[in-house]
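This report concerns only the one structure given below.
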Amino acid sequence: MHAEGVHAAIQLPEGSWWDWDVVSWGRGQLKLAADHDLTYHHGLELVFGDPVFVSCPSAFHDPVFRAPSPGELLKVTRELGEEPPLVVAFEADAGGQGPVSCLIAAGRLDMVQETVLRYWREDAGPDQRFAPWVSSPDQ
């Protein structure tokens, strides 16, 4: 999935996307990863291109995506001086007393659904890749 110019709630593909974290943030890209448990792998990535406003914890659970409110759009627009092409809003459990409201504004959003291993495995299949921090024990 690829999205631009959207201020509606995003729809995730079918799956158990309970556990989330920030996989990487740099070079004009913010990448969130999700699965039912992030210990060994993740199966979904939300890749935000050209992020310009990010307000979310580095790890969270069970997000509920929704359209950003008019107030949230106004806040982001005031901060940036213009309305961004894409604003994603969600509520999530970050381990506190209640859900935290999160906002991400970016130039675009891509959803990538594939198995990304978070540990080294010699027999990784051709349909699997490794998280950025994983390297062979020989390296």
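Here r is the Cβ-Cβ distance between residue 112 and residue 36 and R0 is 22 Å; the resulting FRET efficiency, rounded to 0.05, is 0.80. Compute the accessible area per residue over the range 64-134, keeping the other protein chains in place, probe 1.4 Å, unit Å². On a per-residue basis, the range 64-134 sits at 56 Å². Computed from Cα positions, the angle between helix 70-80 and the longest principal axis of the chain comes to roughly 80 degrees. The label-point distance for residue 122 and residue 69, in a model that sets each label 7 Å from Cα toward Cβ, rounds to 5.6 nm. The gain in end-to-end length when the residue 8 to residue 97 segment is fully stretched comes to 29.3 nm, 0.36 nm per residue minus the alpha carbon separation.
Probe radius 1.4 Å, ligands and nucleic acids ignored: give me the carbon and sulfur share of the accessible area of the chain as a rounded percent.
The value for the chain is 49 percent carbon and sulfur by accessible area.
A protection proxy built from the mean count of other Cβ atoms within 10 Å ranks the segments 55-61, 103-109, 40-46, 11-17, most packed first, as 103-109, 40-46, 55-61, 11-17.
Using Cβ point charges alone (K and R +1, D and E -1), the dipole size of the range 27-139 about the Cα centre works out to roughly 300 debye. Take each peptide in 64-73, 120-129, 84-93, count the other Cβ atoms within 10 Å of every residue, and average; sorted highest first, the result is 84-93, 64-73, 120-129. Normalised by residue number, the volume inside the convex hull of the Cα atoms of the range 79-139 is 174 Å³ per residue.
The Stokes-Einstein estimate for the chain, based on a Kirkwood radius over Cα pairs and taken at 25 °C with 0.890 mPa s viscosity, is a diffusion coefficient of 155 µm²/s.
The values are calculated or read from the model by the stated rules, or taken from the named source; none is laboratory data. These numbers were taken from a predicted model, which means no experiment stands behind them. Using ideal geometry, Cβ is built from the backbone for each residue, glycine included, and neighbour counts are taken over all protein chains shown. Ligands, DNA and RNA are excluded from the accessible area calculation, which covers all protein heavy atoms including side chains. Shrake-Rupley method; radii C 1.70, N 1.55, O 1.52, S 1.80 Å.
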